[in-house]
Structures are given as structure tokens and as C-alpha cells.
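Visitor: Sharing a structure with you now.
Just so it is clear, none of the values below were taken in a lab; they were calculated from the coordinates. The shown structure was predicted, so the numbers you read here are calculated from the model rather than taken from an experiment. Every residue, glycine among them, receives a Cβ derived from its backbone with ideal geometry; neighbour counts consider all protein chains shown.
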Amino acid sequence: MAFADRLRGSAEALLVGGSLATGDYRPGISDMDLVAITDDPGDIRQRHRKGSKLHCVYVPRARLDDVHQNHPTWTTGMLIQRPLSRIARAELHRHGFSV
């Protein structure tokens, strides 16, 4: 995964969730839902292509347990702040994998 290579050295783990993890992924239709566990998200904008169907939440390891904490999140071509939801956490626990 080329995106994982771009994170090398700045992320401790890259977790795959969503349809790719559950086996429902459809090329050209589905997006990719990722969680990068990191100490410092760095310059997130340089890691994503405009219009990409890549969604990635950058969660600092020190704040991983706080379900209310907002994290830098690249989604729908924008960088926003939002928490890693309980639903996303449950999905990662049940179906997710690391790359």
C-alpha cells in the first residue's frame, strides 16, 4: 500500500477498517477507512491526494483511549477534526487489521 509507505517512520501502526476490513470493498465505489496511530501526525496534507477516496484518522497513542477527543481526520478531500467513534472502534476491533 503506497499510503503506508508515506507514513513510514511517523506512524506506529496503520489500521484498516470499513468495507476493506469486512470484505465488502468495491473498487471504484468504496472508500478506504484507515486509522494511523502516531506520536505526531506531522503535515497530513502532504500525505493525501486531492479527491482521494482515502479516509484516515490520525490518533496519537497517548489519546487512543479517549473516545471524545477530536483527531485530525482526512475525509472527502478535506482535513477536519473529529473523534474516532465508538462504532469505528468496534468495527476495528471486530474486523480491522494492520498493514
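Visitor: For Ser30, which sequence-distant residues (separation of 5 or more, or a different chain) have an amide H within less than 5 Å of its own amide H, given hydrogens modelled in the peptide plane?
Guide: Result for Ser30 returns nothing.
Visitor: If r is the Cβ-Cβ distance from Ser30 to Leu79 and R0 is 30 Å, what FRET efficiency results, to the nearest 0.05?
Guide: 0.90
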